[in-house]
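**Student:** Structure incoming, see below.
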Amino acid sequence: MSVLAAEGLTRRFGGVVAVDGVSLAVGAGELHAVIGPNGAGKSTLFHLLSGHLRPDAGRVLFQGRPIDRLRPAARARLGIAITFQTTRLFTGMTVLENAMVGGHTRARHDFTAALLRLPAHRREEAELRQHALAALERVGLAGEAGRPAETLPLGQQRALQVARALCGEPRVLLLDEPAAGLRAAERQALAELLRALRQQGRAMLLVEHDVAFVTALADTVTVLDRGRVIAEGPPAAISGDPGVIAAYLGREAPGHADG
Amino acid sequence: MSAFIDYLLVGIATGCTFALLGTGFVAIHRVTRVVNFAQGAFAVLGGFFAETLLSHGLPHGLAEVLAVVAAGGVGLLCGLVALGWGRVPVMASLVITLGLSIIAEAVTLLIWGGTPISYPGLGGRDLVILGAQLQPQYLLLIVVTVVVLAGLAAWFRWTNLGRALTACASNPYAARLVGIDLNRMGLLAFALGGMLGGLAGVLMTPLIPMTYDGDVQLAINGFAAAICGGLVNPVGALVGGLVLGIGEQMVAGYWQASAETGVALVVLLGLLLWQALRERETMS
C-alpha cells in the first residue's frame, strides 16, 4: 500500500486550473519526484498534499485513509513531514533546539511533569536530545549543534530543515525544491542523504525544478505540464519522452530548466 | 542616604511586580500576538482569591499557591473566550480582552465589594539593609520573582513544551509544519499569563491593599515594562519593570506620590515612541 497518494486532485484559482486531476502514489522506500516547467502546478500540488491548500476535487490518502479534512499541523502529527524551499527555521534558537522541536509531537510527558521535573520527563528530554543529535549527525550538522540556527549558510539551513523533519520520525517526507540555490557540493550531500533515507524505507516525495538532480536520484518521476500529468515512470524513460521534451523546450530555454 | 536606599529597595520590589505582569504580557503576546488587557485583572483576582482562601482558614503558602493556580485558570478561560479556538482575528481578541477586564472588575466588585483587601505577608521583624528598614514581604517578593523568572527562562529552553512555546513565538508557520497545535499553545500562554499576573497580585496585596479597580494601573505598569522588551523579550520586561518601579518610588519619595502613575504613563509614551522610531529605521 502506498504511504501517501493523490487521487484526481484538482485545484482552480479563478479561471485557471492549476492542478487538473492529478493522481500519484509514493510507497515506503520510494523516492518519487514531481517535475515540470514553471507554472506546471508543482507548487500547488505540493501545498495540496501538505494541507496548506484544499482541493476543489479529488482526495489525499495517507496509508489508505483520506486526510483531506486535516490541517497541516494534524498531518504533521500523523507522520507527514514537510520542508520548504524558503527555509522556515526557529530563529533565536540553536540548531539543536530547532531539531528538538521537530520531535515535539513524539514527547508524551508534558506540562505538569516538566514543571515537577519528574524523572520520566528528564529521561524523555535526554532521549529527545539524543535523537536530535543523531538527526543532525545524519545531515552533517552535528558540529553546529550549539550555533544559532539563523547563522547557518543556506545549504545548511536546508539540511537543518530536513533534520528537524526527521526528528518527528515521519512516514513520508515532502521536499519542496530542496536543491534550489545549493552549491554543487551541498547538492551532492543532499543527494546522498536522500539516498540513505530511501535505504531506511522512508517514503519521499520531492518537487523539483532541476531535472538533472532528479533523474540521477528518483525511482519514479511524474511530469506535470499545465496542471496535468503528461508522463510518469522511471527517470530513464521520462528523459526520452517526446511530450516531456516538448513541454520543457517549448516554453523556455533548455539551460534555464536546470536552474 | 537611608531614605534613598529605602526608596531603591521598595522600588525594586514594586518593579518585580511590574516585571511579573510584564512577563505575563510577553508570554501571551509572543505566542498569540494579542496584547492582553485583562493582565491587570489576573493580579487583582489573585489577591482576592488569596484573601478569601486565607479567611477560610487555609494556611499561608497553600492559600497563595492555590490563588496563583486559580488565576491561571482565569487566564485559561480568558484565552478560550479571546482566541475562540483560533477563529478570532488578533485585533478582535485584543478588544475581547479589554471587555473581559471590565467584566472581571464588575464581578470582583459584585462578589467582594468595594473595600480594599489585604492580608499579612511574611512575618518577622523588619530587615535593616544599609540603614533602611524593609518589611520581609518585600524581600520575599524580590526573591520569588527572581526564582520564578529564572525558572521560566529555563523551562522555555529545556522542556519540550516550553520549547514548543518558544518555537511558536519564533515562527508560527514553521511550528505548525512540525505539528505544534497553535491553538493549544495560545491557551497555554494565557494560562501562564494568568499565573504570572496572579502571582504578582498575591505577593503585593500584603504590601499595597488590593482594590477591585486596581487592574488598570497594574496593567499600565506591566505593559510599560513589557514594551521595554518589545513585547516579546522577557528579559526586557524584567529590566523595564525594575526601571519603572525604582523611578516611580524616587518620584513619589522625593517629589509627590500622586505623580507615580503619571511617570509610568510618560515612560510608556516615551518607550512607544522609541519603539516606533526604531521600527521605522529597521524598515527603511
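The values are calculated or read from the model by the stated rules, or taken from the named source; none is laboratory data. Bear in mind that the values here come from a model prediction, so they are computed numbers and not experimental data. We place every Cβ from the backbone using ideal geometry, glycine too, and count neighbours over all the protein chains shown. Note: areas computed on protein heavy atoms with side chains; ligands, DNA, RNA excluded. Shrake-Rupley method; radii C 1.70, N 1.55, O 1.52, S 1.80 Å.
**Student:** Would you kindly identify the helices (runs of 4 or more DSSP H) lying entirely within segment B:196-284 that contain at least 2 residues that are over 13 Å from the mean Cα position of the chain (by Cα) and at pLDDT below 90?
**Tutor:** B:234-254, B:260-283
**Student:** What tally of residues in segment A:1-17 results from selecting those that are over 20 Å from the mean Cα position of the chain (by Cα), small (G, A, S) and within 16 Å of A:F46 (Cβ to Cβ)?
**Tutor:** Total satisfying the criteria: 0.
**Student:** Looking at (1) closer than 23 Å to B:I227 by Cα; (2) open to solvent by 10 Å² or more (accessible area, probe 1.4 Å); (3) not in a helix (DSSP H, G or I), which one does B:V34 not meet, given that it meets all the others?
**Tutor:** For B:V34, the exception is condition (2).
**Student:** Still on this structure: Listed residues B:Q249, B:Q217, B:Q256; which is free of Cβ contacts under 8 Å to residues at least 12 places away in the same chain and open to solvent by 10 Å² or more (accessible area, probe 1.4 Å)?
**Tutor:** Going through B:Q249, B:Q217, B:Q256 in turn, the sole match is B:Q256.
**Student:** Continuing with the same structure: Name every residue in segment A:118-146 that is more than 13 Å from chain B (Cβ to nearest Cβ) and loosely packed, with under 15 Cβ neighbours inside 10 Å, in order of residue number.
**Tutor:** Those that are more than 13 Å from chain B (Cβ to nearest Cβ) and loosely packed, with under 15 Cβ neighbours inside 10 Å: A:P119, A:Q130, A:A134, A:E137, A:G143.
**Student:** Right, here's the next one. In segment A:166-223, what residues are free of Cβ contacts under 8 Å to residues at least 40 places away in the same chain, among the aliphatic types (A, V, I, L, M) and part of a loop (DSSP other than H, G, I, E, B)?
**Tutor:** A:A179, A:L182, A:A216
**Student:** Out of B:R163, B:R157, I need the residue that is within 19 Å of A:E124 (Cβ to Cβ), at pLDDT 90 or above and not aromatic (F, W, Y). Which one?
**Tutor:** B:R163
**Student:** Separate question: If I filter segment A:147-157 down to residues being open to solvent by 20 Å² or more (accessible area, probe 1.4 Å) and in a helix (DSSP H, G or I), which single residue comes out as nearest to the other protein chains (Cβ to nearest Cβ)?
**Tutor:** Once the filter is applied, the top-ranked residue is A:E150.
**Student:** Something else: Counting just the residues of segment A:58-84 that are open to solvent by 40 Å² or more (accessible area, probe 1.4 Å) and hydrophobic (A, V, I, L, M, F, W, C), which one comes out farthest from the other protein chains (Cβ to nearest Cβ)?
**Tutor:** Across segment A:58-84, the extreme among qualifying residues is A:L70.
**Student:** If I ask for residues that are among the small types (G, A, S) and touching a residue at least 40 places away in the same chain (Cβ under 8 Å), which ones from segment A:142-165 would you list?
**Tutor:** A:A145, A:G146, A:A149, A:A163, A:A165
**Student:** I've got another one for you. Return yes or no: is A:G92 of a type in the set (G, A, S) and facing chain B (nearest Cβ under 7 Å)?
**Tutor:** yes
**Student:** Those residues that are at pLDDT below 85 and either surrounded by 15 or more Cβ atoms within 10 Å (Cβ to Cβ) or closer than 30 Å to A:V101 by Cβ (or both), I need them from segment B:123-154; list them, please.
**Tutor:** B:I129, B:A132
**Student:** Then there is this: For the list (1) under 26 Å from B:G229 (Cα atoms); (2) modelled with pLDDT under 95; (3) not hydroxyl-bearing (S, T, Y), I need the number of the one condition that B:G84 fails.
**Tutor:** (1)
**Student:** Name the residues in segment A:79-91 that are modelled with pLDDT under 90 and not β-branched (V, I, T), would you?
**Tutor:** A:F84, A:Q85, A:R88
**Student:** So, in segment B:163-183, exactly how many residues are part of a helix (DSSP H, G or I) and either among the hydrophobic types (A, V, I, L, M, F, W, C) or at the interface with another protein chain (Cβ under 7 Å from one of its Cβ atoms) (or both)?
**Tutor:** 14
**Student:** Every residue in segment B:144-168 that is hydrophobic (A, V, I, L, M, F, W, C) and within 16 Å of the chain's Cα centre (by Cα), please.
**Tutor:** B:V144, B:V146, B:V147, B:V148, B:L149, B:A150, B:L152, B:A153
**Student:** If you check B:T159, B:T166, which single one turns out to be of a type in the set (V, I, T) and open to solvent by less than 20 Å² (accessible area, probe 1.4 Å)?
**Tutor:** B:T159
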